[in-house]
Structures are given as C-alpha cells and as structure tokens.
Amino acid sequence: MTARSLFEKVWDDHQVVAETADTPAVLYIDLHLIHEVTTPEAFNVLKSRGLPVRRPDLTLATLDHSTPTLPIRSLADLDALVGAPAAKQIRVMLDNCREAGIRMLDFDSGQRGIVHVIGPELGITQPGKTIVCGDSHTSTHGAFGALAFGIGTTEVGHVLATQCLLQRKPKTLAINVNGRLARGVGAKDIILAIIGRIGVGGGTGHVIEYRGETISALSMEQRMTICNMSIEGGARAGMIAPDDTTIGYLAGRPLAPSGAAWDQAVRRWRALPADPGARYDREVSLDVAKLAPMITFGTNPGMVIPIDGAVPADTGDASFRKSLQYMGVEAGKPMLGRPVDVVFIGSCTNSRLSDLREAASLLQGRKVSGSVKVMIVPGSQTVKQQAEAEGLDRVFTAAGAEWRESGCSMCLGMNGDTVARGQLCVSTSNRNFEGRQGIGARTVLASPLTAAAAAVTGRISDPRELLAR
Amino acid sequence: MDKITRFTSRTVVLPQSDIDTDQIVPARFLTTTTRKGLGQALFADWRYDSAGQPRPDFALNQPAAAGCGILVAGHNFGCGSSREHAPWALLDYGIGAVISTGIADIFRNNSLKNGLVPVIVDADTHGWLLAHPGVEVTVDVDARSIRLPDGRTAEFPLDGFSRYCLLNGVDQLGYLLQQSEAITRFEKARAWQP
C-alpha cells in the first residue's frame, strides 16, 4: 500500500462513495458543530422539505456569535443587550435545536462557549474524525488530527439532512516548522509568520499539515492557535498528527471515550500520523529560532511584520496603499510606539486558559495605561470558571481590564462589542479586515503577550522588554 | 435554483486584491434568520458613508454600474469567513458571476450551491478586464469559458458535477438524499462509531 499522509488516512476512512471524474466524493461527517448565525436558513430548508435531522446525536450546538458578553438573567435580557435581530436569532436557534433533539449548550448549561473552544475542551473533538461547522475557523479542530473545515449554510443543511457532504479531494501542503522559540514568542507569532510567508491565498485548494520539532513541542492549546488560522492562509483545513500530547489532553474529558473504548480509540489514533515517505503536493519550511513577536500592519493577516520591524516600502500597488491609508500607517515606518485605543484578548484563536495565563503574566501587578479600553473575553464558560479559580480575573480587573462572559465578542462585533471608527485595537483575534471589529475600526493582530504589553504601555510594544523587567 | 447555460452582461470592476467576505457583507448584517434582502448590505461599508449616503466614487454607485451582472474583482476574491450571506448578497443585488484570478475555497463552494458562477481566469484576461470596466462579457457555463467583446474566449475551471448542477438547476441536497442507502450501509459497516 502506498504511503499516506494524515489527511489521506482520514479522508479514505470517510468516503461513503468515492469520487469519480464526474462526481465528487460523498464524505461522512462525524461531528457537526452548529451555532446561531449560519444555521437558521439550513433548518428552514429542512422544514420546507419535511426532512428530519439525520443524526442529532452527532450534532452539538452552542451560542457564541450574537451572544452578549455581559451576564444575562433570562432570555428576556437579550433584546436590550444585543438588539432584537440577534436576540431573535438566538431564540430561533434554541427552538430549532429543541425541536430536532440536538444537544444545546445554552446559557444555563455552564458549558456554553465559542464553538471551537468547547469541542476540544469537552473531548468530543478527537483524532481521525471529520468535523464541520458553518464557520471558517473550524480548522481549529485539526490540531487533534481531525479533518475539520468550515462550510456554508447550504452545506450545513446537507449535513443536518444526510450527515454527509459532497467534496472534491483537496491537495496537501506540508508546512515544516523547526527551531526553538525564544522567550516571548509563541504559537500566534508562528502562524502569523506562516501566513506572511504563503500569503492569504497561498493555501487555497489545500489542506495544510503542520509538522516538525517546533510543532511537536507545542501544547494542544498552542496547536489550536496555529490550526485556527489556516483559513487565513486560504486553506480550509490545517492538521497536526496526534501524539502523546494529544492523547494526554483528551484523557478523562467528559465526551472522550473511556474504559475499553478509550484503549481502542488510542490504538486507532496512534496509526493516524503520516506513513514514512508520504507525499505532499507542496512543502514549505520555516525556521523559527530567530522569530520575533509578529504584528499585522494592514488589512489582511498576510500583511504582517516582526514587532521591531518596519512597514514594507510602498510598491505603488493600489490595494497596498488603500490598506495603509485605512490603517493610518506609513510605508517604511515602524509600528512600535503607535498609540493604542483598545486591547481585545479573546476569540477562537486566543481565549483559552493558557492564553489568559500569558496575558495575566504581564498584567500582574501592573495597570492598564490611561484611557486604553481592555476587554478580556474567555473562550467558554468552562475557561471562565478555570481562570477565576486561579484568580486570573482578579489580576485583570485589578489592572483595570474588563472581564466578560464567553463568546466571539469583539472578534467580529456582532453582539455590540465593537471598536469605534478610527480607533486602533491590538487584538488576539484572527482577522484584521476593514471594519471587522466595527465600522472604520483599525485592527492589529498579535499574541496575548503582545496585546497585554499594549494594554500596559498604551502603545504597540515589544512584550520581550516587559518580560525582561 | 434556476438553470444557467450562458448569459451576457456588462461588468463592474473592483480592482482591490483580497476582497474578503467581511467587505462583501459586514458581520453586523448577519443577525438575520433569512437569506432574503441582503443586496442592500452588499459592500455596505464601501458603498455608504457614515451618514448612510452612497459614496459617489464607489464603482457600484456610478451610473454606468446600473444593471451590471458580472463583477470583476482583484486577486483572491472571497477570502475570510464562511458566511453564505456573501453570495446571497451578490445574487440579491443582481450579480450572476464573479471573475478573478483566484477565488477562496469556501466562497467558491457557497457560490456554486446558489447559482453564482465563480470564474477564475488567467492573468492576461484578468488584467484586460480590470482595465476595461463596463464591457459586455458572456459567461458560458456550458462551454466553461467567458467571451470578451472582441471575440476572444478564456476558459475557466468548473468540475463536471458543478457544471451539470448549474446547467440543470440541480439542487445538490436532492443528489445527496439519493445516496441514503449507501450512507446507512457506511454507518453500519464502519470499524468504529463516532
């Protein structure tokens, strides 16, 4: 048998009908995660055709995008906090899931959170699964060696009705990352550097597999940060081979297998890493030993520089100029020292316990600078409880930051958590697109450490300098 | 879904590279529970100023753009979020095809499911189209090509199944539902259960 990559093994294991020259593969989906924004119209289609949800038991729902990050006492509070349309969207979601018998982690569950945070922390995200969600950051789950990708609402309907998708087999892109990271440099900096290297369309048509000694040394939460932003490099999915770190993370989680089923699952997971000699359509290699913390300067995640670097020279490209004009930055000038209005620490990229610990390590015993608004939003209610048990919330509030309920929040500003026109926000989220955090808002993507450094100094700052003090 | 064999329309040009789905439909319009009426939200932050008035310098607001059914965009169109609201908004506005040198995977998939034709062309053809806004272009799904006013044609990639679905107005859910016996067999026969 030919040597297969991790992706090929998962793909082969889920082909209900193999693809032909004329027809796409019918691919079975093991886990369908759903949230309130991209599902209402899919349920509408099923209802209008009289179709049931085929596998409610393989579907897991939560509320994250339109939800408030201030506490609510009852659903009646929603209208005032997020507005009537978002409140209606949440109610429709609750009704749809109740009618279909889909497990919903709602406001009362204590386990609600960002869809890409709760899957892993509950242990339902597992190696070798196919996982989809109507959200492009579904690539996050690939950190476990799952084939996980975002789909549109029509496809959400396909999965609800048939538990399958029609798919053409994508190409593979191996990204080899080697070198030992310096202090103050982390997973977010690696993935921003990768996107800077391959470009925002560089992974189009491909599934990425991240490999190499640096990746192997990362924790699961760091691996999730890397896979999360695969889509920012154009790849729908990014995967990392399961290993002891993966298995150790999953052991004992509420929805992970247990007993004999656990042993069987681990045996299966151990066979997933690529065979020696497996081939990839493309390979890219990156040495991160000298990597600095990375920040974006423009309006897509590929417009990224080392924090101590300068914005690239003007090439005369109209898109580049438009981007710099929107951001209010100048070609050839540093980003360091620019005043900051808002700091957002959260999102499916960087809202897990280790991210919050990193931010707290810099905020401990320090104060948020002057007029900077700092919002810290845990990825899930579970993360929130864990952080509070460690006293991280008190570190944040003592420093002058806001500590909120979980949700997508200011990553995309759907719930009213927005950045005002012209304001500069250093954000641990994944997209610095124009208007992403609010109309006219300017976003600089960075790691939790770099974001915390900006909170303390009120300027774009190198976290390594604060760590050294 | 309507059947699409070929159609001819004038182009409107947005030369910006990497136009993401947050530009096509900003997130604040996603609190809807229906696909209808999203044309008003199309490119909202580029189309309207802070007072909600149309910006006269934006291509879609210019008189020549009225009735244009083909969007020619810079490299790598549709990157970012999976929101199907993006093709819904383009279709609702009256755009039937998007032409670029590259179109992001999820946006492309979503477009094909809704009858918005994603057209990826070579750099020369693309450069010519960017430089000649408002020309009449024929998008031929049957021939998998576009025809320019001077009679030149440029092919674009479209797999056989997607082409069949566009030509026949086939809804892919119907095709998947026909596979239900194979799906049941797969569920029963697999070595492990999720």
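So here's what we get for this one:
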item: Residues of the stretch A:42-97 satisfying the condition of being in contact with a Ser or Thr (Cβ under 8 Å, 6 or more places away or on another chain) and charged (D, E, K, R); result: A:R54, A:D64, A:K88
item: Failed criterion for A:S369 (all others in (1) within 23 Å of A:Y249 (Cβ to Cβ); (2) assigned to a loop (DSSP other than H, G, I, E, B) hold); result: (1)
item: B:R28 vs. criteria facing chain A (nearest Cβ under 7 Å), in a helix (DSSP H, G or I), at negative phi and at pLDDT below 95; result: yes
item: Residue within the stretch A:200-217 that is charged (D, E, K, R), in contact (Cβ under 8 Å) with a residue 12 or more places away in the chain and buried (at least 24 other Cβ atoms within 10 Å of the Cβ) present; result: yes
item: Qualifying residue in the stretch B:36-43 (condition: closer than 25 Å to B:C165 by Cα, of a type outside the set (G, A, S), within 11 Å of chain A (Cβ to nearest Cβ) and over 15 Å from the mean Cα position of the chain (by Cα)); result: yes
item: B:D45 charged (D, E, K, R), in contact (Cβ under 8 Å) with a residue 24 or more places away in the chain, part of a helix (DSSP H, G or I) and farther than 24 Å from B:P157 by Cβ; result: no
item: Residues of the stretch A:1-37 classified as closer than 22 Å to A:M104 by Cα and in contact with a Lys or Arg (Cβ under 7 Å, 6 or more places away or on another chain), total; result: 2
item: Any chance B:T11 is under 30 Å from A:M303 (Cα atoms), within 10 Å of chain A (Cβ to nearest Cβ) and buried (at least 20 other Cβ atoms within 10 Å of the Cβ); result: no
item: Qualifying residue in the stretch A:207-219 (condition: within 14 Å of chain B (Cβ to nearest Cβ) and more than 23 Å from A:I307 (Cα to Cα)); result: yes
item: The listed residue being under 19 Å from the mean Cα position of the chain (by Cα), more than 14 Å from chain A (Cβ to nearest Cβ) and loosely packed, with under 15 Cβ neighbours inside 10 Å, out of B:D150, B:D124, B:D142; result: B:D142
item: Strands (runs of 3 or more DSSP E) contained in the stretch A:243-338 and holding at least 3 residues touching a residue at least 12 places away in the same chain (Cβ under 8 Å), within 14 Å of chain B (Cβ to nearest Cβ) and loosely packed, with under 13 Cβ neighbours inside 10 Å; result: none
item: Filter result for the condition that a residue is basic (K, R) and touching an Asp or Glu at 6+ places or on another chain (Cβ under 6 Å), over A:R270, A:R236; result: A:R236
item: Qualifying residues in the stretch A:23-42 (those that are at the interface with chain B (Cβ under 7 Å from one of its Cβ atoms) and in a strand (DSSP E or B)) - the one nearest to A:Q163 (Cα to Cα); result: A:Y28
item: The listed residue being assigned by TED's automatic domain parsing to the domain that holds A:L75, surrounded by 24 or more Cβ atoms within 10 Å (Cβ to Cβ) and assigned to a helix (DSSP H, G or I), out of A:V159, A:V132; result: A:V159
item: Residue satisfying all of: in the stretch B:48-93; within 11 Å of chain A (Cβ to nearest Cβ) and either polar (S, T, N, Q) or assigned to a helix (DSSP H, G or I) (or both); farthest from the chain's Cα centre (by Cα) among these; result: B:S50
item: Selection count where residues are facing chain B (nearest Cβ under 9 Å), of a type in the set (G, A, S) and in contact (Cβ under 8 Å) with a residue 40 or more places away in the chain, scope the stretch A:57-89; result: 3
item: Tabulated pairs, the stretch A:143-166, first of a type in the set (F, W, Y), second surrounded by 24 or more Cβ atoms within 10 Å (Cβ to Cβ) and part of a strand (DSSP E or B), C-beta under 7 angstrom, 6+ apart or interchain; result: A:F149/A:V132; A:F149/A:A237
item: Test result for A:S351, touching a residue at least 24 places away in the same chain (Cβ under 8 Å), surrounded by fewer than 23 Cβ atoms within 10 Å (Cβ to Cβ) and touching a helix residue (DSSP H, G or I) at 6+ places or on another chain (Cβ under 8 Å); result: no
item: Selection from the stretch B:132-182 of residues that are within 17 Å of A:P24 (Cα to Cα) and touching a Phe, Trp or Tyr at 6+ places or on another chain (Cβ under 7 Å); result: B:V170
item: Among (1) in contact (Cβ under 8 Å) with a residue 40 or more places away in the chain; (2) within 23 Å of A:H206 (Cα to Cα) - the single one B:V121 does not satisfy; result: (1)
item: Of all residues in the stretch A:178-202 being among the hydrophobic types (A, V, I, L, M, F, W, C) and over 22 Å from A:R431 (Cβ atoms), the one that is farthest from the other protein chains (Cβ to nearest Cβ); result: A:A182
item: Residue satisfying all of: in the stretch A:197-238; of a type in the set (D, E, K, R) and assigned to a helix (DSSP H, G or I); nearest to B:D18 (Cα to Cα) among these; result: A:E232
item: Top-ranked residue of the stretch A:143-172 - restricted to ones that are among the aliphatic types (A, V, I, L, M) and closer than 22 Å to A:M229 by Cα, ranked as nearest to the other protein chains (Cβ to nearest Cβ); result: A:I151
item: Yes/no for A:T20 being over 28 Å from A:R236 (Cβ atoms), among the hydroxyl-bearing types (S, T, Y) and either within 12 Å of chain B (Cβ to nearest Cβ) or surrounded by 21 or more Cβ atoms within 10 Å (Cβ to Cβ) (or both); result: no
item: Qualifying positions in the stretch A:43-56 - facing chain B (nearest Cβ under 9 Å) and either part of a loop (DSSP other than H, G, I, E, B) or touching a strand residue (DSSP E or B) at 6+ places or on another chain (Cβ under 8 Å) (or both); result: A:L51, A:R54, A:R55
item: Test: residue in the stretch A:121-139 that is small (G, A, S), under 25 Å from A:R4 (Cβ atoms) and more than 8 Å from chain B (Cβ to nearest Cβ); result: yes
item: Counted residues, the stretch B:94-107 - those being within 26 Å of A:N432 (Cα to Cα) and either in a loop (DSSP other than H, G, I, E, B) or facing chain A (nearest Cβ under 9 Å) (or both); result: 7
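The values are calculated or read from the model by the stated rules, or taken from the named source; none is laboratory data. None of the values given here were measured: they were computed from a predicted structure. Here Cβ is always computed from backbone atoms with ideal geometry, including for glycine, and neighbour counts include all displayed protein chains.
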